[in-house]
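Q: Pasting in a structure now, in structure tokens, and then I'll have a few things to ask.
The values are calculated or read from the model by the stated rules, or taken from the named source; none is laboratory data. Computed from a prediction, not measured in an experiment: that's the story for all the values here. With ideal geometry, Cβ positions are generated from the backbone for all residues, glycine too; neighbour counts draw on all protein chains shown. Remember, those area values only see protein heavy atoms, side chains included, never the ligands or the DNA or RNA. Shrake-Rupley method; radii C 1.70, N 1.55, O 1.52, S 1.80 Å.
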Amino acid sequence: MRIPTARWLLAVVILASLLGGMSYTGAQAPRSPETQPWPPTAAQYRFHMIGNSHIDAVWLWTWPEGMAAVVSAFRSALERMKEDPEFTFTASSAQFYEWVAETDPDLMRQIRARVEEGRWAVVGGWWVEPDVNLPNGEALVRQGLYGQRTFQRLLGRKAGIGWNPDSFGHAGTLPQILKLQGLHAYVFMRPQPKEKTLPSDLFQWEGADGTRILAYHIPIAYGDYDGPIVNRVHRIISDLPEEHKDLMAFYGAGDHGGGPTKLNIQSIKDARREPNAPQMVFSTPYKYFEEIEEQEKSGVRSSESGVTKGKNESEVTIPVSRTPYPVLADDLQHHSVGCYTALSEVKKNNRAAEIALAAGEKFAALASVVAGFDYPQNDFTAAWKKVLFLQFHDSLAGSALPAHYEMARQGHGFALEVATQAMYRAAEKMAWHIPAEDPNSEYLVVFNPHAWDAHLNVEYDLGWEWTSGATPESIRQNSSLEDDQGNSVPHQWTQASVLIDDRNTLAFRAPLPAFGYRQFRLRKVRPQTTESPVRATGRALENEHLRVRIGEDGTLSIYDKDAKAEVFRGNQGGARAMVLDDPSDTWSHDVKSYTREVGAFRDAQTRVLENGPLRATVRVRSRYGASALQVDWVLYAGARTLEARVALDWHERLKMVKFSFPANVENPRATYEIPYGYKVRQTHGDEDPGQRWIDVTGDRGGGQYGLSVINDAKYGYSVQGSDLRVSIVRSPVYAQFERAIQPDHEYQWQDQGRQTLRIWLAPHSGDWREAGVARMAEEFTTPAPVIYQGIHPGDRPGSASFLSVDVPNIVVSALKKAEDGTDLIVRCYETAGRSTAATLSLGLVNRRWTGTFHPLEIKTLRVPVSGGEIREVNVLEE
């Protein structure tokens, strides 16, 4: 829970420190004057009092201070345990324990002893307590992979309970991910009752794939933010009546550490001696869930009711599916919707790092098997841990202080460097064995990171000699691009990223085999002419499928030639850059939607940049206030998608930009990509989180028609009717928490200056599944390495495929070396919500695997390199 001011926070921290270090004598601790006698029903309740310290690794401080707070809070908890044999403590986050182990090994030994004793509960199983809307599915998997392995190494056991009290919402695909990480219950606090009505504080949470996990919603708060803990127990009994009389109540100073104090502990002991008081026991979440299970036993238990592995605290029996608990089949939203968009840089860098690490691992694993490449396991682990740490909920949300984001930039840069180095060194290791022997030709090898045949757009700056005064068009007429079979490949020359000598950019669409490579050869030829199927003229673009018009205000109309219909509704221009009033704070507390339009970018100026034969490009420049918007609209020959390359130079405050795409359909249905799945949501205009794509499909002309929007940098969306809107930028003050902006003060404002992103517009007949949007998003956002070859012999063919899947709704999201041993790990998931039989052909080890996926199922396969059974394992690779 966030507190109103940093000054209040400082006071709490100082008070907690004082109370933790002082002794208290007397028969009864001081009680707040608001405390009332216990109501008659109070004695029916049994409260498990959960001592904890919610610690923000970063927020109004950087991580070194967060590390100090962790070590201090953990030491304080051990002191309370020495003083009081009843006291118990609960803490999450593998990163915290690793900090302690590095800083004070003796302190870690003491913690391990208390864990073994059962008084220190290790929960969460994740690297940190991250945002769980914005990380992609693989990043959430890695939170558990590296978190649980660290717990096992440092403490001799894994966590059994998921723990994410402060995150600002929880994606509906999370139950399956949690179960696959060995977690059998989930504790959270947000959303609060005013944000979402839950059926109970204790309920079965059903994920998008049907997986259920027992979830507990923390009533009121997880720390000492609303007065004495006993007062909170009063409130829970009086204001939040529950069908279940066994509940957890949380106490302990937090955010900046602290933890339970002597006063906390004594007040609980005093209160439970009062007349008619509820039972209050010092406890842990494991003991709570264990008691709940015991109470719900009804004779013979089915094998579905729980998992019993042993006596360790992390392996207690926790119910899986039990009829007394209500079921919620939904995601857990909406808290702090401004955090989907705040601070563009950290969000774009997060997505880039996630995608690059997965791609780097794929190519490094491939090259390690087929070319003897040295797989950089330790580098990948360090890079992933850095990205996972930067997904901490106050970091990725954009709600921390500016100094942290300077560090975040360096951290994401480190991860991208590790990924890029591994990817290109692995690709070079393979490309060196592909012959390139004509000294009068230039050779490029393009690699495909996807487990299906794909035509990927490639751009590569290349030196290509020509006579003085030559143009890109004349250069094109003097060059021929061929694949490894001698087939001609359409290509185009355009201005390079630099202005020097013979440098130009070669652009082409590379036809590539599934998870493999193809060599391309560039030769000089006599001048030739080619008729282009794509063209640009002033304010228009057109190819075989789409006709695009750019209005005076910079908005688009798109005519779908195949469907014989306009993509956008009525006279509403598509891709309108609308400016909205946004006086809310950094989190946008109590905001559900952004709807008050105060302007739009106007006075559009256009210029044709490229004109076939591969693609045509028109640049549109427009302005609003002190801000400038540049969009390059790129249309490829034969494409049913339109690309936007956006550069926004933003200098406004307390305003927001959304791109509006009013789809021309009736009865619209909005679908959002979420981590390892999708979510259908209402079209009432509320702000919602999503991953790389969002789709609006509806009825038109007796069938279905829709528009998908894919991007490489954004997470905030809304749909009002059929108007699909992408949130591009907000401009609050850094870490402004429900405080008014003073006109005579100077502040640091977020997202001032230039930012970039890319967007694909994909109109389609049928729904998004038929259009293959999940695969489109993979192709649009994942880098495909291009290797320039020198002249050399080789013993590999000019093209090859090493991994493929035979159905379009299965995506191979990860290929890596196992954390232990020499096996490979292949992770894939079903994308369309359909039961599917699929076969993976693993050419890199000359093996095949066939299996059945239930809708949105995540599968992890352990593949021995040198022969043996391919086994299905959990995401911990067990």
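Q: Using a cut-off of 28 Å between alpha-carbon atoms, which lysines can reach K561, once sequence neighbours fewer than 8 places away in the same chain are excluded?
A: K658
Q: Which whole-angstrom value gives the distance between the alpha carbon centres of the stretch 609-655 and the stretch 113-159?
A: Cα centroid of the stretch 609-655 versus Cα centroid of the stretch 113-159: 43 Å apart.
Q: Pop out the ³J(HN,Hα) list for the stretch 488-494 in order, Karplus 6.51 cos²θ - 1.76 cosθ + 1.60 with θ = phi - 60°, rounded to Hz; leave Gly and Pro as x.
A: Karplus-based 3J(HN,Hα) across the stretch 488-494 equals 6, 10, x, 8, 8, 9, 9 Hz.
Q: When ranked by the protection proxy of mean other Cβ atoms within 10 Å per residue, highest first, what sequence do the peptides 47-56, 847-856 form?
A: My ranking of the peptides, most packed first, is 47-56, 847-856.
Q: Only one of the listed values, (1) 56; (2) 44; (3) 59, was derived from the coordinates as percent of Cα pairs over 39 Å apart; which label is it?
A: (2)
Q: Still on this model: May I ask you to derive the relative contact order of the chain, considering only C-alpha pairs under 8 Å and at least 6 residues apart, and to give it as an integer percent?
A: Relative contact order for the chain comes out at 13 percent.
Q: Order of 152-164, 426-438 by packing, highest average Cβ count within 10 Å first?
A: Going from most to least packed, we get 152-164, 426-438.
Q: Right, something else. When only the heavy atoms of the protein chains count and the probe is 1.4 Å, how do W126, W63 rank by accessible area, highest first?
A: My answer, sorted largest first, is W63, W126.
Q: Rounded to the nearest 0.05, what FRET efficiency is calculated for E746 and A626 with R0 set to 22 Å and r the Cβ-Cβ distance?
A: 0.80
Q: Can you tell me the length gained on complete extension of the stretch L654 to V608, counting 0.36 nm per residue apart and subtracting the Cα distance?
A: So the extension gain works out to 13.1 nm.
Q: With all protein chains present, calculate the accessible area of E417 using a 1.4 Å probe and round the result to the nearest 10 Å².
A: Counting only protein heavy atoms, the figure is 100 Å².
Q: May I ask you to compute the full-extension gain from S835 to D239, defined as 0.36 nm times their residue separation minus their alpha-carbon distance, rounded to one decimal in nm?
A: 210.1 nm
Q: In nm, to one decimal, how far is the E117 label point from the A329 one, both placed 7 Å along Cα→Cβ?
A: Each label point lies 7 Å from its Cα, and together they span 4.7 nm.
Q: Which cross-chain or sequence-distant (5 or more) residues have an amide H under 5 Å from the amide H of F853, H modelled 1.01 Å from N in plane?
A: Hits under the 5 Å cutoff: T836, A837, A838.
Q: Let me ask something else about it. Given Cα pairs under 8 Å that are at least 6 residues apart, what percent is the relative contact order of the stretch 609-711?
A: For the stretch 609-711, the relative contact order is 17 percent.
Q: Measure up K245/K287; K82/K297; K179/K262; K347/K679; K82/K269; K348/K655 against 25 Å on the Cα-Cα distance and list the ones that go over.
A: K82/K297; K179/K262, as the Cα separations exceed 25 Å there.
Q: If each of L499 and V525 carries a label point 7 Å out from its Cα toward its Cβ, how far apart are those two points in nm?
A: 3.2 nm
Q: Hey, another quick one. Expected output is a single nm value to one decimal: the length gained when fully extending between Q192 and R871, i.e. 0.36 nm times separation in residues minus the C-alpha distance. What is it?
A: Gain in length upon complete extension: 240.3 nm.
Q: Which of the pairs K592/K714; K386/K816; K194/K386 have their Cα atoms more than 27 Å apart in this structure?
A: K194/K386
Q: Evaluate the distance, in nm, between pseudo-label points positioned 7 Å from the Cα of R273 and of T103 along their respective Cα→Cβ axes.
A: Taking the two extended label points, one gets 3.6 nm.
Q: Let me ask something additional. Using a 10 Å cut-off on Cβ atoms, rank the peptides 278-287, 348-357, 135-144 from the highest mean neighbour count down.
A: Ranked by mean Cβ neighbours within 10 Å, highest first: 135-144, 348-357, 278-287.
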